[in-house]
Amino acid sequence: MVTALPANTATPTMESLGGPTALGLPELRLDLHVYGNDAKERMVFINGKRYREGEVLSEGPTVAAINSQGAVLAWRGQNFLLPR
């Protein structure tokens with residue numbers, strides 16, 4: 001289960017955490033980012049696949065949130081932003 005993130009929380013980017021290799025992940029590419037006030041409107045395409053909040057990427061992380069800046073992913077207890 002993914003816990004909602006507070007709106008004022010500063011989320012580090014994947015790169016600021018050392019990049020995908022440091023996190024034990026393959027390269028992640030945000031291809032398309034759709035954000036709206038209604039959560040039902042939000043979606044992202046990461047590495048060519050569509051995801052909504054709460055879904056698990058085939059590479060392992062969970063989409064914890066989609067905000068105006070990009071996708072917040074959760075992986076091994078760490079949240080990070082995959083920016084748009």
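What follows is calculated from the coordinates using simple rules that are stated; it is not laboratory data. Since the model is a prediction, treat every value here as computed from it, not as a measurement. All Cβ positions, even for glycine, are placed from backbone atoms using ideal geometry, and neighbour counts span all protein chains on display.
Remark on residue 55: its backbone amide H falls under 5 Å from those of 63, a criterion applied only to residues 5 or more positions apart or on other chains, H modelled at 1.01 Å from N. If R0 is 25 Å, the Cβ-Cβ spacing of residue 84 and residue 10 corresponds to a FRET efficiency of close to 0.90.
Translational diffusion coefficient of the stretch 22-66 (Stokes-Einstein, Kirkwood radius from Cα pairs, 4 °C, 1.567 mPa s): 118 µm²/s.
Distance from the C-alpha centroid of the stretch 20-38 to that of the stretch 44-84: 5 Å, rounded to the whole angstrom.
Comparing mean-square fluctuations of 11, 62, 21 from a GNM of the chain with C-alpha springs under 10 Å, the top value falls on 21.
Here the Karplus relation 6.51 cos²θ - 1.76 cosθ + 1.60, evaluated at θ = phi - 60°, turns the backbone of the stretch 19-24 into coupling constants of x, x, 4, 5, 8, x Hz, with x for every Gly and Pro. Largest mean-square fluctuation among 52, 29, 42, in a Gaussian network model of the chain whose springs join Cα atoms under 10 Å apart, belongs to 29.
Mean sequence separation of contacting Cα pairs (under 8 Å, at least six apart), scaled by the length of the chain, corresponds to a relative contact order of 27 percent. Among the GluC sites (Glu not before Pro) in the stretch 41-78, those located in a DSSP loop and surrounded by at most 16 other Cβ atoms within 10 Å of their own Cβ are 55, 59. Across all directions, the shadow cast by the convex hull of the chain built on its C-alpha atoms averages 5.0 square nanometres.
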